[in-house]
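Here the structure comes first, spelled out in structure tokens, and everything after it is commentary.
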Amino acid sequence: MSLLVSLEQRSGNKCELCGSSEDLSAYEVAPSDGSADQAVLLCGVCKPQVEGSAEMDESHWHCLNDSMWSEVPAVKVLSYRLLKRLGNQEMLDMMYLEEDEKAWVEAGQSSENSEPTRDSNGTILNAGDSVTIIKDLEVKGAGFTAKRGTVVKNIALTDNPEQIEGRVNGVRIVLLSKFLKKA
Ligand SMILES: [Zn+2]
């Protein structure tokens, strides 16, 4: 069964956020394995706003007051992220997420970050990349200097596109991406 058909059956042919039946399509809630469990059926009004290609229309998102109570984890996770984007702390406080749903919310943060992490040359950095430090950097709190030319393997991204995490001298530290070059 295709992803879209599975979602149409689950939702009864309705947008799983606002209930509209117009212009429905599948949206994968990152990080997703492509299964229906990790996707949501969205309408033509919700989807572009979720994807960030249209501006958020706050009045439309009153629908989240209902979708946040969905029994479908993917719908809950997406609702949570949207409430967060809208800064609706009151609703976020009311929401209850299971441990695995919480982990899903957090796992999607870096991949949904609209601003990519770039090195000193503007090259996009991804988790797992190796980078070279281009300037001696004093590591505050760790008591050593990360030397220019040091290669840092298997970096991790953070919520902040200006910072990455990596291991230098056996210590996991935060490095500013502007002082790095992709190796
Ligand atoms: Zn919708």
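The values are calculated or read from the model by the stated rules, or taken from the named source; none is laboratory data. The structure presented is a predicted model; accordingly, all values stated were derived computationally and were not measured. So basically every Cβ, Gly included, is an ideal-geometry build from the backbone, and we count neighbours across all protein chains shown.
Quick look at the numbers
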read-out: Residues satisfying the stated conditions in segment 10-59, i.e. in contact with an Asp or Glu (Cβ under 7 Å, 6 or more places away or on another chain) and at positive phi; value: Gly34
read-out: Residue tally, condition farther than 26 Å from Pro161 by Cβ and part of a helix (DSSP H, G or I), over segment 75-101; value: 8
read-out: Meets criteria (closer than 20 Å to Ser11 by Cα and either within 11 Å of the ligand (Cβ to nearest atom) or in the same structural domain as Asp159 (by TED's automatic domain parsing) (or both)) for Ser67; value: yes
read-out: Restricting segment 1-35 to residues that are surrounded by fewer than 12 Cβ atoms within 10 Å (Cβ to Cβ) and of a type in the set (D, E, K, R), the residue that is farthest from the ligand (Cβ to nearest atom); value: Asp33
read-out: Condition met for Asp23 (over 21 Å from His62 (Cα atoms) and either in contact with a His (Cβ under 8 Å, 6 or more places away or on another chain) or free of Cβ contacts under 8 Å to residues at least 60 places away in the same chain (or both)); value: no
read-out: Qualifying residues in segment 151-183 (those that are among the acidic types (Asp, Glu) and assigned to a loop (DSSP other than H, G, I, E, B)) - the one surrounded by the most Cβ atoms within 10 Å (Cβ to Cβ); value: Glu162
read-out: When residues of segment 102-150 are limited to those that are part of a helix (DSSP H, G or I) and touching an Asp or Glu at 6+ places or on another chain (Cβ under 9 Å), the one modelled with the lowest pLDDT; value: Ser110
read-out: All positions within segment 36-64 that are more than 12 Å from the ligand (Cβ to nearest atom) and touching a residue at least 40 places away in the same chain (Cβ under 8 Å); value: Gly52
